[in-house]
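Novice: Below is the structure I would like to discuss, written out as structure tokens.
Just so you know, all these numbers are worked out from the coordinates, no wet-lab data involved. It should be emphasised that the depicted structure is a prediction, and the values quoted were computed from it without experimental measurement. With ideal geometry, Cβ positions are generated from the backbone for all residues, glycine too; neighbour counts draw on all protein chains shown.
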Amino acid sequence: MKAAFARFAPPLVTLVLILGAWALATGPAGLPSYLLPGPWPVALSLWNGLIGTGSFWPHIGFTLTSTLLGYVGGSIAAIIVGVAAAESRLFERFVYPYVVAVQAAPKVALAPLILVWFGFGLASKVVLVALICFFPLLVNTISGIRGTDPELIEMARSFSRSRGFVFLHVKLPAAAPAIFAGLQIGIVLALIGAVVGEFVASDRGVGYLIGSATVNMSVTTMFAGVIVLAGFGMAGSALVQRIQRRVVFWDNAERHIVTPQETA
Amino acid sequence: MSSPALSLDGVGFSFPGRQVLAGLSFNVAPGEFVAVLGPSGGGKSTLLRLIAGLLPLGAGRVLVRGTPVTGPRQDVGMVFQKATLLPWRTALDNVLLPAGFRRGASPAERTRAENLLAAIGLADSANYYPAQLSGGMAQRVGLARMLLHDPDLLLMDEPFAALDAMTRERMALVLQKLWQERPRAAVFVTHSIQEALLLADRVVVLAHSPGRIVADWPVPLPRPRAPETMATPEFNELALKLRRLFDEVAA
Ligand SMILES: Nc1ncnc2c1ncn2[C@@H]1O[C@H](COP(=O)(O)OP(=O)(O)O)[C@@H](O)[C@H]1O
Ligand SMILES: [Mg+2]
């Protein structure tokens, strides 16, 4: 109880200060509401969209569907390709330099092209999301596997362990922290990808909601949309982090384990 | 005399542009403990890798129990300078790595792993992860792992070099005890003269660039050796002789 208070009180203070400053800046002496709406109208718009009329939910459903499908698909593909790449000398020599080059290019620039190819519906958003999460995770998977301590590999080999065993029980676990770092980057990028896709062309989604609010000059709805997206971004990130803590338990093992006394 | 457990004949090895070992020949009899002393960078680890079948031979022949080494084999066990435990596996699972962990191990292998952990004083730590073990404990798990399949030849690459002096001496005595329970051929690489004399039946001294044998001396000290052994005149005389030779080799 006390610990929870100590943990949540400081950020809560910050939140209250921000809301206060926001209220002041949009008060009678502040900015006009068509530029910056006050916290109260935004809260009202959120309430209406989520609970009152529930008009946000179809948009939220659409955005979450494309985000999740694209994220899961792109991540699975990245791990499979990454594993194949890390285990193959040919791939390293012929393809890897281009992977690094493509990784550096902004994939959102491809959004219009993908919409032309895959239509204006869900499919194009899923493809865009998958593409955007694919590369960081691919690079992380490859470097994670490559970064396995060579002495661990040699140790396993010295005990006559097969290449498959070494991969499954040495390299893959060794790469797990890097893979999760890639998944962590990916979940945030996925949401960005979905929203950008909706900005470019869509008739649904939170990105569409924000985009069409721009046309109506409804800044309040734009804010509500951004807050909804921020919420999902944080929730997704926290979820991946929870899974990471359970799967890669040894990565931070030292912190919560009491070292036993050396027995002579 | 029975055929040697390990036989090296004219062994040589080069990394590109650099000869590491040249014309190395020596035998290790079954049950004989040989310490290899040499300056660092002198090719000691390379020598062990060649014997273990982890590196392809450059020249000469390596026979383990009469058959040429073509790759890693189950009758050879190895420990490394670093404990090289898998951080995501418990101590018991790490000992069982040569058998494919608990899932792949037979009941007999499992029992043996538990007995080995008990023999090195880690029975209560079987389910600990490496992060929960001290350096000395981790290295003892490495010893148990080496012994899982009851190998006839032990290869040890400065296994205690990373430990503090006290733990190091204690580890040498633990190893001696394990070895005396069932003496087997062993090649123990070290750069500590004390450690070599505490453990070995014979000391082989290597010189640098390229690695070659400059001395091959017996260690006629009675077993079991203890810290008191290090205070005897015989021990000190041998240690001094080795030190002189070592200085010459390094010079
Ligand atoms: N993979 C490698 N490639 C090139 N040179 C190496 C490699 N491994 C070791 N060497 C060189 O071979 C020599 C012997 O190394 P090593 O067998 O590790 O010596 P020691 O174990 O006696 O310290 C050193 O000079 C080292 O730099
Ligand atoms: Mg070495």
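Novice: Using 1/(1 + (r/R0)^6) with R0 = 41 angstrom and r between the beta carbons of residue B:243 and residue B:74, what's the FRET efficiency to the nearest 0.05?
Specialist: Given R0 = 41 Å and the Cβ-Cβ separation, E is 0.60.
Novice: Continuing with this model, one more query. With each label point set 7 Å from Cα along the Cα-Cβ vector, what nm distance links residue A:245 and residue A:199?
Specialist: A separation of 3.3 nm, rounded to one decimal place.
Novice: Report the Cα centroid-to-centroid distance between the stretch A:4-23 and the stretch B:195-234 in angstrom, as an integer.
Specialist: Taking the Cα centre of each part, the stretch A:4-23 and the stretch B:195-234 sit 69 Å apart.
Novice: Same structure, new question: Give the distance, in whole Å, between the Cα centre of the stretch B:27-64 and the Cα centre of the stretch A:148-200.
Specialist: Cα centroid to Cα centroid, the span is 35 Å.
Novice: Looking at chain B as a GNM with Cα springs under 10 Å, which of B:241, B:44, B:82 has the largest mean-square fluctuation?
Specialist: Per the Cα network of chain B with a 10 Å cutoff, B:241 tops the list.
Novice: Between helix A:122-146 and chain A, what is the angle of the helix's C-alpha long axis to the longest principal axis, kept within 0 to 90° and rounded to the nearest 10?
Specialist: Orientation of helix A:122-146: about 40 degrees from the principal axis.
Novice: What's the whole-number percent of alpha carbon pairs in the stretch B:84-150 lying beyond 19 angstrom?
Specialist: 16
Novice: Whole number please: convex hull volume per residue, Cα atoms of chain B, in Å³.
Specialist: It comes to 133 Å³ per residue, whole-number rounded.
Novice: Let me ask something else. As an exercise, use a Förster radius of 45 Å and the Cβ-Cβ distance of residue A:53 and residue A:160 to find the FRET efficiency, rounded to the nearest 0.05.
Specialist: According to the calculation, E is roughly 0.10.
Novice: Choose one answer from A:127, A:170, A:215: the residue with the largest mean-square fluctuation in a GNM of chain A with alpha-carbon springs under 10 Å.
Specialist: A:215
Novice: Follow-up. Taking only C-alpha pairs under 8 Å that are 6+ residues apart, what is the relative contact order of the stretch A:58-249 in percent?
Specialist: 29
Novice: Does anyone have the angle between helix B:165-181 and the longest principal axis of chain B? Alpha-carbon axes, 0 to 90°, nearest 10?
Specialist: For B:165-181 against chain B, the angle is about 80 degrees.
Novice: Considering just Cα atoms, how many Å³ per residue does the convex hull of the protein assembly as shown enclose?
Specialist: Per residue, the Cα convex hull of the protein assembly as shown comes to 223 Å³.
Novice: Between residue B:67 and residue B:221, how high is the FRET efficiency from 1/(1 + (r/R0)^6) when r is the Cβ-Cβ distance and R₀ = 30 Å? Nearest 0.05.
Specialist: E(calc), rounded to 0.05, equals 0.35.
Novice: Most fluctuating residue of A:138, A:122, A:17 in a GNM of chain A with Cα springs under 10 Å: which is it?
Specialist: The residue with the greatest mean-square fluctuation here is A:17.
Novice: Given 0.36 nm per residue, what is the gain on full extension from residue A:217 to residue A:17 after removing their alpha carbon distance, in nm?
Specialist: 69.3 nm
Novice: Would you count, across the protein assembly as shown, every pair of lysines whose alpha carbons are under 24 angstrom apart, provided the pair is eight or more residues apart or spans two chains?
Specialist: 5
Novice: Treating the angle as unsigned and between 0 and 90°, give the value, to the nearest 10°, between the Cα long axis of helix A:2-25 and the longest Cα principal axis of chain A.
Specialist: 40
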